[in-house]
Amino acid sequence: MTKEEKGTLINDLVDKLKSTTHFYIADTGGLTVKQINEFRELCFKRGIEYKVVKNTLIRKALEQLDTDYTPFEAALKGTSGIMFSPEVSNAPAKIIKEYRKKDKNLTKPAFKAASIDSDLFVGEQYLEILSALKSKEELLGDVIGLLQSPAKNVISALQSGKHKLAGILKTLSEKENS
């Protein structure tokens with residue numbers, strides 16, 4: 001690969017990193033070609049872009065960003081692939097966990113690091129936490145549900161009260177007539 005090609009690749013990677021607020025670095029080293037293709041297909045089906053990139057190119061691209069990515073140094077060893085998630089921050093973590101569930105002996109793809117809205121997570125211990133994070137849409141749904149709950153209770157009480165009130169009035173009117 002020539003210097004010009006590397007420069008173009010780095011610039012493309014910088015643009016992609018700037019436009020995507022959530023990205024993960026994973027290690028698929030040691031997986032067979034069939035396993036890597038299955039993993040790529042799973043990523044594609046979930047709207048996650050997965051690219052294998054040399055560590056030095058990732059490092060150079062990260063250096064051009066505003067955020068300090070020096071904690072990622074430890075993660076940029078061995079085989080590295082970047083998972084870009086344009087909207088859902090926990091989707092790559094869920095994909096890694098789901099893929100590993102297929103075979104209990106699998107430890108790959110390994111989670112190396114993640115940047116979620118410029119918050120950095122380095123190390124396998126964060127995979128469980130990140131996969132349990134709720135997405136923005138899920139959080140908004142929870143808030144809307146909580147806000148609607150009191151209104152639904154009031155409407156329900158008023159509607160059931162209407163029937164009770166009608167019953168009481170009917171009983172009172174029957175008592176007066178008798």
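Restricted to region 80-127, and to residues there that are charged (D, E, K, R) and part of a strand (DSSP E or B), the residue that is surrounded by the fewest Cβ atoms within 10 Å (Cβ to Cβ) is D119.
Could you list, in sequence order, all residues of region 33-63 that are closer than 22 Å to V14 by Cα, of a type in the set (V, I, T) and outside any loop (DSSP other than H, G, I, E, B)?
Residues satisfying the conditions are V52, T56, I58.
G141 fulfils the conditions (1) within 28 Å of L42 (Cα to Cα); (2) out of contact with any helix residue (DSSP H, G or I) (no Cβ under 8 Å at 6 or more places or on another chain); (3) modelled with pLDDT under 80 except for a single criterion, (3).
Quick grid of which residues meet (1) closer than 20 Å to P92 by Cβ; (2) among the aromatic types (F, W, Y); (3) outside the structural domain of V122 (by TED's automatic domain parsing):
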residue: K16; (1), (2), (3): yes, no, no
residue: T32; (1), (2), (3): no, no, no
residue: F44; (1), (2), (3): yes, yes, no
residue: K60; (1), (2), (3): no, no, no
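In region 133-153, the residues that are within 30 Å of I95 (Cβ to Cβ) form no Cβ pair under 7 Å with any partner that is at pLDDT below 70 and of a type in the set (S, T, N, Q), whether six or more places apart or across chains.
Suppose we filter F72, F39 for residues that are surrounded by 19 or more Cβ atoms within 10 Å (Cβ to Cβ) and touching a Ser or Thr at 6+ places or on another chain (Cβ under 7 Å); which single one remains?
Of F72, F39, the one residue that is surrounded by 19 or more Cβ atoms within 10 Å (Cβ to Cβ) and touching a Ser or Thr at 6+ places or on another chain (Cβ under 7 Å) is F39.
Does any residue of region 147-156 turn out to be modelled with pLDDT of 75 or more and of a type in the set (A, V, I, L, M, F, W, C)? Yes - at least one qualifying residue is present in region 147-156.
The values are calculated or read from the model by the stated rules, or taken from the named source; none is laboratory data. Everything quoted here is computed from the prediction, not taken from an experiment. Note: ideal-geometry Cβ built from the backbone for every residue, glycine included; neighbour counts use all protein chains shown.
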